[in-house]
Amino acid sequence: MLLLQIATAGIATGSVYALIAIGIVLIYKCSGVVNFGQGGYAMLGAYAAYALARAGLSPPLAAAGAVLVLGVVGALTELLVLRRMLRAPVVAVMMVTLGLLILFRAVCLAVWGPDQIAFPQIFPQGAVQIAGIFITYNYVAAALLSLVLSLAFLAFYRFTPMGLMQRAAADNSRAALAVGIHVSNQVSVAWAVSSALAGLGGVLLATLNGLSLTLSNIGLVAFPVIVLGGLTSLMGSLVAGLLLGMLEAFTDGLLTPALESFLRAHTSIYSVGALQQVVPYMLVGGMLLVRPQGIFGQRGTERV
């Protein structure tokens with residue numbers, strides 16, 4: 001029963017990781033830029049949903065409105081900031097995305113302060129009983145919504161005309177221009193979709209863990225996901241996100257208590273700290289040694 005409860009929590013958080021990581025991969029495929037500000041968009045989306053709910057919208061409508069707002073913010077970011085840096089080195093563009101993360105944190109700090117805020121209840125209160133254990137609707141709904149939207153986006157990207165244009169612009173921009181695809185517009189769409197996915201991920205995380213500035217740290221978790229899955233693989237981000245979410249949950253629920261019990265019995269050490277935050281990076285380190293391109297990546301992929 002405990003294993004099922006831990007696995008459910010891992011799937012819920014891992015599916016949100018995947019949702020945010022898919023946005024990073026999408027931008028990288030279209031523009032060759034690693035967006036270090038993705039966590040900032042997730043945090044901004046959660047605060048936007050909170051502000052809309054305080055303004056009088058129902059929590060579900062506030063969440064949907066926040067996703068739309070973040071889509072507009074992402075498109076404006078590409079149009080007003082990044083498009084002006086087309087001839088700049090890739091490293092300079094990535095530093096700009098890091099600056100955007102710092103800017104978003106500063107804005108949210110100035111408006112809402114540093115304290116954690118109780119996030120509005122989006123999903124019904126209560127729990128569902130599975131195999132004798134109770135799992136809250138928040139975790140079930142977050143997992144199902146993230147998985148369904150991730151799979152829907154992957155299907156959209158692969159089987160629709162807009163997705164075909166996105167893939168063409170990502171694979172060969174010159175060839176895409178030759179057949180009449182406006183590559184700059186496709187990059188704007190990629191930024192809008194990526195930011196919207198990040199905003200939704202931030203809202204879901206806020207429903208699980210509360211709302212605070214630390215939500216921006218989710219971007220640091222997304223990078224092990226994309227390295228593990230492959231920096232150019234959208235499906236890899238989904239699989240790796242679920243894998244890392246499960247790994248974190250089992251580390252926190254089983255490995256950490258067992259290790260602390262052993263250390264307390266035989267040493268003067270009482271705590272191993274947040275071990276679940278270290279394990280993903282250990283896994284990534286091993287992956288880089290064995291298969292640098294990631295599980296679904298292709299050999300020859302450029303690493304930044």
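Laboratory data are not the source of any read-out in this text; all were calculated from the coordinates shown. In this text, all values refer to a predicted model and were calculated from it rather than measured experimentally. Note that we place each Cβ from the backbone using ideal geometry, even for glycine, and neighbour counts take in every protein chain shown.
Comparing P292, P161, P59 in a Gaussian network model of the chain (Cα springs below 10 Å), the most mobile by mean-square fluctuation is P161. A straight chain from L86 to Q121 at 0.36 nm per residue would run longer than the Cα-Cα distance by 8.4 nm. With neighbour counts taken as other beta-carbon atoms within 10 Å, the residues F250, F262 rank, fewest first, as F262, F250.
Using a Gaussian network model of the chain in which every pair of alpha carbons under 10 angstrom is joined by a spring, one finds that among I24, I130, I122 the greatest mean-square fluctuation is at I130.
Phi angles of segment 51-64 translate, via the Karplus equation with coefficients 6.51, -1.76, 1.60 and θ = phi - 60°, into HN-Hα couplings of 5, 5, 5, 5, 6, x, 6, 5, x, x, 5, 5, 5, 5 Hz per residue; Gly and Pro are given as x.
For segment 232-243, backbone phi angles converted through the Karplus equation (6.51, -1.76, 1.60; θ = phi - 60°) give residue-by-residue couplings of 10, 10, 5, 5, x, 5, 5, 5, 5, x, 5, 4 Hz, Gly and Pro being listed as x.
Residue exposure proxy: L57, L44, ordered by other Cβ atoms within 10 angstrom of their Cβ from fewest to most, comes out as L57, L44. Give the shape of the chain as rounded, prolate or oblate, defined through the alpha-carbon gyration tensor: a ≥ b ≥ c are the square roots of its eigenvalues, a/c under 1.5 means rounded, and otherwise the shape is prolate if a/b is larger than b/c and oblate if not. It is prolate, given that a/c is not under 1.5 and a/b is the larger ratio.
Sort R105, R84 so that the residue with the fewest other Cβ atoms within 10 Å of its own Cβ comes first and the one with the most comes last.
Neighbour counts put them in this order, fewest first: R84, R105.
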